[in-house]
Amino acid sequence: MPRLLRPTGAALGVLALGLVAAVPAAPAAGDEPLITDARVVARFGLSAGQTPGNIALEPDGSADLTFAFARAVAHVTVDGTTTSRARLPEVANPDTPVVHSAVVTGIARAHDGTLYVNYATGTSATGVWRISPGGAPERIAQLPPDGFPNGLALDEGRGVLYAADSVRGTVWRVPRTGGPVTAWATGPALAPRPAPPASGLGANGIKVHRDSVWVSNTDRGTLLRIPVLQNGSAGPVETRGDGLDGIDDFAFPGYGRSALVALGTGGKLVLVRPDGTVTTLLTAADGLSGPTSVAVRGRTVYVPSAAFSTRRDPNLLLAHLRHLIGRG
(Lines give C-alpha, C1' and ligand atoms only; values in the text may rest on other atoms or scores of the structure.)
Protein backbone atom coordinates (compact mmCIF):
# COMPACT_ATOMS: atom_id res chain seq x y z
CA MET A 1 0.00 0.00 0.00
CA PRO A 2 1.51 3.37 -1.04
CA ARG A 3 1.23 6.60 0.86
CA LEU A 4 -2.38 6.87 2.00
CA LEU A 5 -4.58 9.94 1.95
CA ARG A 6 -7.37 9.91 4.49
CA PRO A 7 -10.81 9.85 2.82
CA THR A 8 -12.93 12.95 3.22
CA GLY A 9 -16.67 13.18 3.79
CA ALA A 10 -18.80 11.35 6.32
CA ALA A 11 -21.45 9.96 4.04
CA LEU A 12 -21.21 6.35 3.07
CA GLY A 13 -20.38 5.75 -0.56
CA VAL A 14 -22.70 3.69 -2.71
CA LEU A 15 -21.24 0.47 -4.01
CA ALA A 16 -21.60 0.18 -7.77
CA LEU A 17 -21.30 -3.34 -9.13
CA GLY A 18 -21.17 -4.87 -12.57
CA LEU A 19 -18.95 -5.44 -15.54
CA VAL A 20 -17.62 -2.88 -17.95
CA ALA A 21 -16.74 -3.57 -21.52
CA ALA A 22 -13.52 -5.52 -21.98
CA VAL A 23 -10.58 -3.39 -23.04
CA PRO A 24 -7.50 -4.90 -24.65
CA ALA A 25 -4.29 -4.38 -22.73
CA ALA A 26 -1.07 -3.02 -24.14
CA PRO A 27 1.09 -5.70 -25.77
CA ALA A 28 3.64 -7.35 -23.47
CA ALA A 29 5.99 -8.39 -26.24
CA GLY A 30 5.75 -9.07 -29.94
CA ASP A 31 2.28 -8.86 -31.49
CA GLU A 32 0.22 -10.61 -28.80
CA PRO A 33 -0.51 -9.12 -25.37
CA LEU A 34 0.22 -11.20 -22.28
CA ILE A 35 -2.95 -9.91 -20.60
CA THR A 36 -6.33 -9.45 -22.29
CA ASP A 37 -10.01 -8.93 -21.46
CA ALA A 38 -9.47 -6.42 -18.66
CA ARG A 39 -12.75 -5.58 -16.93
CA VAL A 40 -13.78 -3.86 -13.72
CA VAL A 41 -16.03 -6.21 -11.75
CA ALA A 42 -16.67 -4.07 -8.66
CA ARG A 43 -16.50 -0.40 -7.75
CA PHE A 44 -16.26 0.89 -4.19
CA GLY A 45 -17.12 3.97 -2.16
CA LEU A 46 -14.13 6.24 -1.54
CA SER A 47 -15.88 8.34 1.11
CA ALA A 48 -16.72 5.16 3.03
CA GLY A 49 -13.05 4.22 3.25
CA GLN A 50 -13.56 1.37 0.78
CA THR A 51 -9.98 1.57 -0.44
CA PRO A 52 -8.77 -1.96 -1.30
CA GLY A 53 -5.17 -2.22 -0.18
CA ASN A 54 -4.49 -5.94 -0.40
CA ILE A 55 -6.07 -9.16 -1.66
CA ALA A 56 -6.30 -12.87 -0.84
CA LEU A 57 -8.13 -15.38 -3.04
CA GLU A 58 -10.68 -18.04 -2.09
CA PRO A 59 -10.79 -21.49 -3.75
CA ASP A 60 -13.87 -20.53 -5.78
CA GLY A 61 -12.13 -17.54 -7.33
CA SER A 62 -13.74 -14.92 -5.12
CA ALA A 63 -11.56 -12.40 -3.33
CA ASP A 64 -11.07 -11.06 0.19
CA LEU A 65 -9.97 -7.42 0.21
CA THR A 66 -8.74 -5.19 2.99
CA PHE A 67 -10.49 -1.81 3.01
CA ALA A 68 -7.75 0.23 4.64
CA PHE A 69 -9.56 3.22 6.16
CA ALA A 70 -12.80 1.35 6.80
CA ARG A 71 -10.77 -1.03 9.04
CA ALA A 72 -12.60 -3.83 7.25
CA VAL A 73 -12.23 -7.02 5.24
CA ALA A 74 -14.69 -7.41 2.36
CA HIS A 75 -15.60 -10.43 0.26
CA VAL A 76 -16.08 -9.90 -3.50
CA THR A 77 -17.41 -12.58 -5.85
CA VAL A 78 -16.30 -12.81 -9.47
CA ASP A 79 -19.52 -11.09 -10.55
CA GLY A 80 -18.85 -8.15 -8.21
CA THR A 81 -21.19 -8.93 -5.33
CA THR A 82 -19.55 -7.41 -2.25
CA THR A 83 -20.27 -8.25 1.38
CA SER A 84 -18.58 -7.51 4.69
CA ARG A 85 -16.42 -10.27 6.15
CA ALA A 86 -15.01 -8.58 9.27
CA ARG A 87 -14.26 -5.22 10.83
CA LEU A 88 -11.30 -4.50 13.07
CA PRO A 89 -12.08 -2.82 16.40
CA GLU A 90 -11.90 0.94 16.67
CA VAL A 91 -9.00 2.30 18.73
CA ALA A 92 -8.79 5.53 20.68
CA ASN A 93 -6.44 8.20 19.35
CA PRO A 94 -4.89 6.26 16.45
CA ASP A 95 -1.58 7.67 15.26
CA THR A 96 -0.05 5.33 12.70
CA PRO A 97 3.15 6.76 11.23
CA VAL A 98 2.72 8.48 7.86
CA VAL A 99 -1.10 8.17 7.75
CA HIS A 100 -2.09 9.05 11.36
CA SER A 101 -5.15 6.80 11.16
CA ALA A 102 -5.93 3.18 11.95
CA VAL A 103 -5.64 1.10 8.75
CA VAL A 104 -5.99 -2.55 7.79
CA THR A 105 -3.24 -3.38 5.32
CA GLY A 106 -1.90 -6.81 4.28
CA ILE A 107 -3.95 -10.01 4.16
CA ALA A 108 -3.09 -13.71 3.80
CA ARG A 109 -5.34 -16.79 3.68
CA ALA A 110 -4.60 -20.28 4.99
CA HIS A 111 -5.97 -23.42 3.35
CA ASP A 112 -8.46 -23.90 6.20
CA GLY A 113 -10.04 -20.52 5.41
CA THR A 114 -8.42 -18.58 8.25
CA LEU A 115 -7.54 -15.02 7.30
CA TYR A 116 -4.64 -13.05 8.76
CA VAL A 117 -4.41 -9.26 8.48
CA ASN A 118 -2.07 -6.50 9.55
CA TYR A 119 -3.63 -3.73 11.61
CA ALA A 120 -1.58 -0.52 11.92
CA THR A 121 -2.86 1.91 14.56
CA GLY A 122 0.00 3.72 16.28
CA THR A 123 -1.21 2.08 19.51
CA SER A 124 -0.77 -1.22 21.35
CA ALA A 125 -3.42 -2.73 19.02
CA THR A 126 -0.87 -2.73 16.17
CA GLY A 127 -0.04 -6.25 15.04
CA VAL A 128 -1.18 -9.34 13.19
CA TRP A 129 -4.82 -10.30 13.65
CA ARG A 130 -6.52 -13.62 12.90
CA ILE A 131 -10.05 -14.00 11.50
CA SER A 132 -11.22 -17.60 11.82
CA PRO A 133 -14.13 -18.70 9.59
CA GLY A 134 -17.27 -17.28 11.17
CA GLY A 135 -15.28 -15.73 14.02
CA ALA A 136 -14.41 -12.23 15.18
CA PRO A 137 -10.95 -10.72 14.65
CA GLU A 138 -8.41 -11.47 17.40
CA ARG A 139 -4.85 -10.25 17.71
CA ILE A 140 -2.27 -13.03 17.72
CA ALA A 141 0.93 -10.98 17.70
CA GLN A 142 1.81 -7.44 18.74
CA LEU A 143 4.07 -5.30 16.56
CA PRO A 144 5.72 -1.99 17.48
CA PRO A 145 3.20 0.86 17.63
CA ASP A 146 5.70 3.19 15.94
CA GLY A 147 5.93 0.87 12.94
CA PHE A 148 3.71 0.43 9.90
CA PRO A 149 3.02 -3.27 9.18
CA ASN A 150 2.01 -3.30 5.54
CA GLY A 151 2.25 -6.42 3.34
CA LEU A 152 1.65 -9.87 4.88
CA ALA A 153 2.60 -13.32 3.59
CA LEU A 154 1.98 -16.81 4.95
CA ASP A 155 4.36 -19.77 4.71
CA GLU A 156 2.16 -22.67 5.80
CA GLY A 157 4.98 -25.18 5.42
CA ARG A 158 7.07 -23.43 8.04
CA GLY A 159 4.07 -22.28 10.06
CA VAL A 160 5.05 -18.60 9.97
CA LEU A 161 3.84 -15.26 8.68
CA TYR A 162 6.06 -12.48 7.35
CA ALA A 163 5.00 -8.86 7.84
CA ALA A 164 6.73 -6.03 5.97
CA ASP A 165 7.12 -2.93 8.15
CA SER A 166 7.27 0.08 5.85
CA VAL A 167 8.50 2.57 8.44
CA ARG A 168 10.97 0.47 10.41
CA GLY A 169 12.41 -1.19 7.28
CA THR A 170 11.93 -4.62 8.80
CA VAL A 171 10.44 -7.96 7.85
CA TRP A 172 8.87 -9.44 10.99
CA ARG A 173 8.56 -13.20 11.35
CA VAL A 174 5.42 -14.19 13.26
CA PRO A 175 4.41 -17.70 14.40
CA ARG A 176 1.16 -18.63 12.70
CA THR A 177 -0.21 -19.72 16.07
CA GLY A 178 0.71 -16.36 17.56
CA GLY A 179 3.24 -15.23 20.12
CA PRO A 180 6.54 -13.32 20.16
CA VAL A 181 7.78 -11.92 16.86
CA THR A 182 11.29 -11.81 15.41
CA ALA A 183 12.95 -9.11 13.32
CA TRP A 184 13.76 -11.58 10.53
CA ALA A 185 15.35 -9.16 8.04
CA THR A 186 16.48 -5.54 8.32
CA GLY A 187 18.89 -3.21 6.58
CA PRO A 188 19.15 -0.27 4.18
CA ALA A 189 17.57 -2.15 1.26
CA LEU A 190 14.33 -2.45 3.25
CA ALA A 191 14.38 1.04 4.76
CA PRO A 192 12.36 4.05 3.57
CA ARG A 193 13.83 7.34 2.45
CA PRO A 194 13.14 10.46 4.53
CA ALA A 195 9.75 12.07 4.04
CA PRO A 196 9.33 14.53 2.48
CA PRO A 197 10.22 14.42 -0.35
CA ALA A 198 9.87 10.63 -0.30
CA SER A 199 6.76 8.90 1.06
CA GLY A 200 8.52 7.50 4.13
CA LEU A 201 7.47 3.97 3.12
CA GLY A 202 10.13 1.32 2.55
CA ALA A 203 9.34 -2.42 2.66
CA ASN A 204 5.78 -2.75 1.41
CA GLY A 205 4.50 -5.77 -0.56
CA ILE A 206 5.68 -9.25 0.39
CA LYS A 207 5.34 -12.78 -1.00
CA VAL A 208 6.79 -16.23 -0.26
CA HIS A 209 7.95 -17.80 -3.54
CA ARG A 210 10.37 -20.65 -4.26
CA ASP A 211 11.98 -20.82 -0.80
CA SER A 212 12.47 -17.08 -0.71
CA VAL A 213 10.70 -14.05 0.69
CA TRP A 214 10.24 -11.31 -1.90
CA VAL A 215 9.69 -7.71 -0.80
CA SER A 216 9.04 -4.43 -2.60
CA ASN A 217 10.48 -1.13 -1.40
CA THR A 218 8.25 1.76 -2.42
CA ASP A 219 10.63 4.66 -1.78
CA ARG A 220 13.55 2.94 -3.50
CA GLY A 221 11.54 1.52 -6.42
CA THR A 222 12.99 -1.94 -5.95
CA LEU A 223 11.87 -5.57 -5.96
CA LEU A 224 13.97 -7.63 -3.54
CA ARG A 225 14.56 -11.35 -2.96
CA ILE A 226 15.61 -12.70 0.45
CA PRO A 227 16.49 -16.43 0.46
CA VAL A 228 15.18 -18.47 3.38
CA LEU A 229 18.18 -20.44 4.64
CA GLN A 230 17.99 -24.04 5.83
CA ASN A 231 17.72 -22.97 9.47
CA GLY A 232 14.91 -20.54 8.63
CA SER A 233 17.02 -17.38 8.92
CA ALA A 234 17.27 -14.72 6.23
CA GLY A 235 19.96 -14.84 3.57
CA PRO A 236 21.49 -11.76 1.93
CA VAL A 237 19.08 -9.34 0.25
CA GLU A 238 19.24 -9.38 -3.56
CA THR A 239 17.82 -6.67 -5.83
CA ARG A 240 15.81 -8.28 -8.65
CA GLY A 241 14.19 -5.15 -10.08
CA ASP A 242 14.76 -1.40 -9.83
CA GLY A 243 13.52 1.85 -11.31
CA LEU A 244 9.99 0.76 -10.33
CA ASP A 245 8.56 4.11 -9.27
CA GLY A 246 5.57 3.75 -6.97
CA ILE A 247 5.95 -0.01 -6.57
CA ASP A 248 3.41 -1.52 -4.19
CA ASP A 249 2.50 -5.21 -4.08
CA PHE A 250 3.15 -7.91 -6.67
CA ALA A 251 2.45 -11.55 -7.60
CA PHE A 252 4.07 -14.34 -9.60
CA PRO A 253 2.27 -15.52 -12.77
CA GLY A 254 3.79 -18.99 -12.67
CA TYR A 255 6.67 -20.83 -11.05
CA GLY A 256 9.36 -18.55 -12.48
CA ARG A 257 10.88 -15.38 -11.11
CA SER A 258 8.96 -13.00 -13.39
CA ALA A 259 6.59 -10.84 -11.36
CA LEU A 260 3.44 -8.84 -12.03
CA VAL A 261 3.95 -5.56 -10.17
CA ALA A 262 1.43 -2.86 -9.22
CA LEU A 263 2.84 0.65 -9.65
CA GLY A 264 0.39 2.65 -7.58
CA THR A 265 1.41 6.24 -8.28
CA GLY A 266 2.19 5.36 -11.90
CA GLY A 267 -1.21 3.74 -12.38
CA LYS A 268 0.23 0.67 -14.10
CA LEU A 269 0.55 -3.08 -13.88
CA VAL A 270 3.92 -4.15 -15.25
CA LEU A 271 5.80 -7.39 -15.82
CA VAL A 272 9.29 -7.51 -14.34
CA ARG A 273 11.40 -10.30 -15.82
CA PRO A 274 14.46 -11.89 -14.15
CA ASP A 275 16.81 -9.82 -16.34
CA GLY A 276 15.18 -6.62 -15.08
CA THR A 277 13.19 -5.92 -18.24
CA VAL A 278 9.96 -4.06 -17.46
CA THR A 279 6.88 -4.27 -19.72
CA THR A 280 3.66 -2.34 -19.17
CA LEU A 281 0.59 -4.59 -19.28
CA LEU A 282 -2.32 -2.51 -17.94
CA THR A 283 -2.89 1.22 -17.44
CA ALA A 284 -5.64 3.64 -16.47
CA ALA A 285 -7.13 3.09 -19.91
CA ASP A 286 -7.92 -0.47 -18.80
CA GLY A 287 -9.59 0.67 -15.58
CA LEU A 288 -6.70 0.94 -13.09
CA SER A 289 -6.92 3.79 -10.57
CA GLY A 290 -3.90 3.66 -8.29
CA PRO A 291 -3.40 -0.14 -8.22
CA THR A 292 -2.19 -1.47 -4.87
CA SER A 293 -1.82 -5.24 -5.18
CA VAL A 294 -2.01 -8.22 -7.52
CA ALA A 295 -3.16 -11.82 -7.28
CA VAL A 296 -3.16 -14.65 -9.82
CA ARG A 297 -5.37 -17.75 -9.85
CA GLY A 298 -4.80 -19.97 -12.86
CA ARG A 299 -4.93 -17.55 -15.78
CA THR A 300 -7.04 -14.93 -14.03
CA VAL A 301 -5.31 -11.79 -12.79
CA TYR A 302 -6.87 -9.70 -10.02
CA VAL A 303 -5.83 -6.06 -9.52
CA PRO A 304 -7.42 -3.93 -6.76
CA SER A 305 -7.12 -0.15 -7.13
CA ALA A 306 -7.44 1.97 -3.99
CA ALA A 307 -7.39 5.38 -5.72
CA PHE A 308 -5.11 6.78 -3.00
CA SER A 309 -3.46 9.13 -5.51
CA THR A 310 -6.22 9.54 -8.10
CA ARG A 311 -9.02 10.06 -5.53
CA ARG A 312 -11.55 8.47 -7.89
CA ASP A 313 -12.97 5.05 -8.73
CA PRO A 314 -11.50 2.51 -6.28
CA ASN A 315 -12.25 -0.84 -7.87
CA LEU A 316 -11.39 -4.48 -8.49
CA LEU A 317 -10.25 -5.39 -12.00
CA LEU A 318 -9.99 -8.88 -13.47
CA ALA A 319 -8.10 -9.83 -16.62
CA HIS A 320 -7.02 -12.93 -18.55
CA LEU A 321 -3.42 -14.11 -18.57
CA ARG A 322 -2.57 -15.61 -21.96
CA HIS A 323 -0.08 -18.06 -20.45
CA LEU A 324 1.83 -18.76 -17.25
CA ILE A 325 5.51 -17.90 -17.06
CA GLY A 326 7.84 -20.77 -16.26
CA ARG A 327 11.13 -21.17 -14.50
CA GLY A 328 12.85 -18.07 -15.80
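For a quick check of your reading: which strands (runs of 3 or more DSSP E) sit entirely within the stretch 102-157 and have at least 3 residues that are more than 12 Å from residue 66 (Cβ to Cβ) and touching a residue at least 12 places away in the same chain (Cβ under 8 Å)? Show your work before the answer.
Details: elements: 103-109, 115-120, 127-131, 138-142, 149-155.
Because the criterion is at least 3 residues that are more than 12 Å from residue 66 (Cβ to Cβ) and touching a residue at least 12 places away in the same chain (Cβ under 8 Å), the strands (runs of 3 or more DSSP E) in the stretch 102-157 that meet it are 127-131, 138-142, 149-155.
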Selection within the stretch 37-72 - among the hydroxyl-bearing types (Ser, Thr, Tyr) and surrounded by fewer than 19 Cβ atoms within 10 Å (Cβ to Cβ): 47, 62
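Filter the stretch 110-138 down to residues that are surrounded by fewer than 18 Cβ atoms within 10 Å (Cβ to Cβ) and not small (Gly, Ala, Ser), then give me how many there are.
Here is the first cut: in the stretch 110-138, the residues surrounded by fewer than 18 Cβ atoms within 10 Å (Cβ to Cβ) are 110-114, 123-124, 132-136, 138.
Next cut, not small (Gly, Ala, Ser) only: 111-112, 114, 123, 133, 138.
Residues meeting the conditions: 6.
Within the stretch 85-94, is there a residue that is touching a Leu at 6+ places or on another chain (Cβ under 8 Å) and at pLDDT 95 or above?
Residues of the stretch 85-94 touching a Leu at 6+ places or on another chain (Cβ under 8 Å): 85-86.
When the remaining residues are screened for being at pLDDT 95 or above, the result is 85-86.
Yes, the stretch 85-94 has at least one match.
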Residues satisfying the stated conditions in the stretch 273-288, i.e. surrounded by fewer than 23 Cβ atoms within 10 Å (Cβ to Cβ) and without any contact (Cβ under 8 Å) to a residue 60 or more places away in the chain: 273, 274, 275, 276, 277, 278, 284
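The values are calculated or read from the model by the stated rules, or taken from the named source; none is laboratory data. Note that the structure is predicted; figures quoted are calculated from it, not measured. All Cβ positions, even for glycine, are placed from backbone atoms using ideal geometry, and neighbour counts span all protein chains on display.
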